[in-house]
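What follows is calculated from the coordinates using simple rules that are stated; it is not laboratory data. Source: prediction; values computed, not measured. Cβ: placed from backbone, ideal geometry, glycine included. Neighbour counts: every protein chain shown.
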Amino acid sequence: MKLLRALWRALWSKHAAIPIAILLVGAFGTGIIFWGGFHWAMESSNSIEFCTSCHEMESTVYPEYKQSVHYSNPSGVRAICSDCHVPKDWYHKVRRKIVASKELYHHLMGTIDTKEKFENHRLELAQSVWAEMEANDSRECRNCHSFDAMNFEKQHPDASKQMMQAKENGDTCISCHKGIAHKMPDMSSGYKKLFKELTSVSASEVEGADKLITVQTKPFFLDKDAAENDGKASGKLLSATEVSVLERSGDLLKVRLEGWQQDQVDRVIYAMRGQRIFEATLAKSSTDAVERLSTETDPDTELVWHKMQVEGWVTQNDLVSDEEKLWKYADELYGASCATCHSRPDPGHYLSNQWIGVLKSMKRFVSIDKEQYRFLQKYLQLNAKDTGGASHHE
């Protein structure tokens, strides 16, 4: 008690210019005012009025949001911008606000200040949000929606089946619900841009490379004169097929293709023994040029396979040495084609030959041409459960 009385007298001592107690009370009051102001600012910046106060949002995504089920629905429950884009817990909320400050920079720079500019960046912006939501397991969606709270029996039978499967697989909301509040971007713009870059590769970029990969299907010539004069092709190299460069002659390359042939199926060359991963097709008159290196029997199917190689000429266009760029294009094509409506399976989810049937069953739902379809199938096959993305010449 003596100690407490001594401390009380010290706090209110008349010898101090300003009693310590007054300073403490003042500091406490200032802290409350500061904290209240900070909290008010945080909450104000979460309001829909604040989010739509700039014309970038007001004239683009806001009208789209007003047409969505999150704005108007039978239950009368409205989710505003911050419900979907701002975390509830303190740490992630402050972090999100700090990250969002870069939007002020782009506002001042006029990055998306017109509808045309916004549309040019829509895919990039959407992919950024999707990636963040994938990474945090759709945390903001789960503030209102959770598998545990769902009554699957009251859902539409198809929706109920999909939701229960998603729960079992551990899928995240955004994997299947892209475009729920805003217009979907043109998903093709991403892979089309990457494809254009691949097909615009200059001669200097592939000069000196020992290994090259086809970007798309191209003619293959056994005879150099036929290649030079655009004569009759001896066959076709399909997309994503690797060849070894043996000789260079102007715009022509002499290359070696290695692969596998199934016994009595001489005109088709596959990437691996026992796998229907197409590398090339040959004209009937060109099959004699194939050199068979060894013969093996697949223990699973008892089919006979021949390891082979064939040499010929191709033009230098539509060939790349940077495999990483090629698979980046493939991944973008896969995401644009298969991740719009549902969570896209990991390529390793299926066996190589299973991917043929899986893609065929989904073909009517995607809008890619035959060349892109074949390329996508090959990408998935080369990274399937039983191929593991290993070099297809091993």
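A few comments on the model shown:
- Over the range 24-117, relative contact order from alpha-carbon pairs under 8 Å, at least 6 apart, %: 24 percent
- Applying the Karplus relation 6.51 cos²θ - 1.76 cosθ + 1.60 with θ = phi - 60° to the range 262-267 yields 3J(HN,Hα) values of 7, 4, 6, 10, 6, 8 Hz, where x marks Gly and Pro.
- Between 75, 138, 285, the Gaussian network model of the chain with springs among Cα atoms under 10 angstrom shows the greatest mean-square fluctuation at 75.
- Simple spin-label estimate for residue 54 and residue 247 gives 6.1 nm between the two label positions (7 Å along the Cα-to-Cβ direction from each Cα).
- Taking 0.36 nm per residue of separation and subtracting the current Cα-Cα distance, fully stretching the chain between residue 294 and residue 136 would add 51.8 nm.
- Segment residue 268-residue 196, length gained on full extension (0.36 nm per residue, minus Cα span): 23.1 nm
- Per-pair calculated FRET efficiency, R0 = 45 Å: residue 301 and residue 42 via Cβ, rounded to 0.05: 0.10
- Least to most buried among 286, 72, 45 (fewest other Cβ within 10 Å first): 72, 45, 286
- Here's how it looks for residue 222: its modeled amide H is under 5 Å from those of 234, 313, which are all 5 or more places away or on a different chain.
- Cα gyration tensor of the chain - equivalent ellipsoid semi-axes, whole Å, descending: 61, 25, 23
- Packing rank of 306-316, 115-125, where each peptide gets the mean count of other beta carbons within 10 Å, highest leading: 306-316, 115-125
- One Cα centroid belongs to the range 71-124, the other to the range 229-300; the line between them spans 51 Å.
- Beyond 26 Å in Cα-Cα separation lie the following of the pairs 232/254; 102/183; 211/328; 193/385; 232/370; 224/284: 193/385.
- Per residue of the chain, the DSSP helices (runs of n ≥ 4 H) give a summed -39500 (n - 2.57) that works out to -12500 deg cm²/dmol at 222 nm.
- Derived scalar couplings ³J(HN,Hα) [the range 221-235; Karplus, 6.51 cos²θ - 1.76 cosθ + 1.60; whole Hz; x for Gly, Pro]: 10, 6, 9, 5, 4, 5, 5, 5, 9, 6, x, 6, 6, 8, x
- Extension gain, residue 73-residue 203: 0.36 nm per intervening residue step, less the Cα-Cα distance, totals 41.1 nm.
- Sorting the segments 257-266, 275-284 by their residues' average number of neighbouring beta-carbon atoms within 10 angstrom, most packed first, yields 275-284, 257-266.
- Rounded to whole numbers, the Karplus 3J(HN,Hα) couplings from phi for the range 74-84 are x, 7, x, 9, 10, 9, 9, 3, 5, 5, 9 Hz, using 6.51 cos²θ - 1.76 cosθ + 1.60 with θ = phi - 60°, and x at Gly and Pro.
- With a Förster radius of 22 Å applied to the C-beta separation of residue 33 and residue 99, the computed FRET efficiency comes to 0.20.
- When 28, 221 are sorted by how many other C-beta atoms sit within 10 angstrom of their C-beta, beginning with the fewest, the order is 28, 221.
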